[in-house]
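Participant: Quick one: the structure is below, and I'll ask about it shortly.
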Amino acid sequence: MTRAEKLRSRAESIPADFTWQELVTLLNAYGFSEFSDKGGSYRSFKTAAGLKIFMHKPHPGNIVKKYLLRKVIGQLRECGSMSANEE
């Protein structure tokens with residue numbers, strides 16, 4: 001099992017201690033690159049194919065909120081990057 005697969009599995013369990021860096025690593029594994037066009041905590045992730053995910057980086061801490069993790073997983077499934085039963 002690769003690191004990306006382990007992160008995907010961990011993210012799908014919606015843990016209370018999923019960090020921003022883990023989320024960035026997971027999105028990078030699915031071909032997304034991070035951009036901070038507007039400054040501050042606002043971040044966008046884009047692929048070469050034009051898929052986009054927008055969110056705010058958590059602050060002052062580094063832990064991603066559960067609602068944001070659900071949103072990202074839903075968007076990855078919606079765009080076909082991650083299937084619901086991928087193992």
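The values are calculated or read from the model by the stated rules, or taken from the named source; none is laboratory data. Please read all numbers here as calculations on a predicted model, not as lab measurements. Don't worry about glycine lacking a Cβ; one is built from the backbone with ideal geometry, like all the others, and counts go over all protein chains shown.
Participant: Do any residues in the stretch 39-61 that are closer than 14 Å to Lys71 by Cα have Cβ atoms under 8 Å from those of residues that are of a type in the set (Val, Ile, Thr), where the two are at least six apart or on different chains, and which pairs are they?
Facilitator: Listed by first residue and then by second, the contacts come to Ser44/Ile53; Phe45/Ile53; Ile53/Val72; Met55/Val72.
Participant: I'm trying to understand the selection: among the residues of the stretch 26-47, which are under 17 Å from Arg77 (Cα atoms) and either modelled with pLDDT under 90 or not basic (Lys, Arg) (or both)? Show your work before the answer.
Facilitator: Looking only at the stretch 26-47, we keep the residues that are under 17 Å from Arg77 (Cα atoms), and these are 26-32, 45-47.
Matches in the stretch 26-47: Leu26, Leu27, Asn28, Ala29, Tyr30, Gly31, Phe32, Phe45, Thr47.
Participant: Quick check: is even one residue across the stretch 77-87 of a type in the set (A, V, I, L, M), at pLDDT below 90, assigned to a loop (DSSP other than H, G, I, E, B) and surrounded by 11 or more Cβ atoms within 10 Å (Cβ to Cβ)? Working first, answer last.
Facilitator: The first filter runs over the stretch 77-87 and keeps only residues of a type in the set (A, V, I, L, M), leaving 82, 84.
The next check asks that each one be at pLDDT below 90; those that pass are 82, 84.
Retained after the next criterion (residues that are assigned to a loop (DSSP other than H, G, I, E, B)): 82, 84.
Add one more test, that the residue is surrounded by 11 or more Cβ atoms within 10 Å (Cβ to Cβ), and what stays is 82.
Within the stretch 77-87, one or more residues are of a type in the set (A, V, I, L, M), at pLDDT below 90, assigned to a loop (DSSP other than H, G, I, E, B) and surrounded by 11 or more Cβ atoms within 10 Å (Cβ to Cβ).
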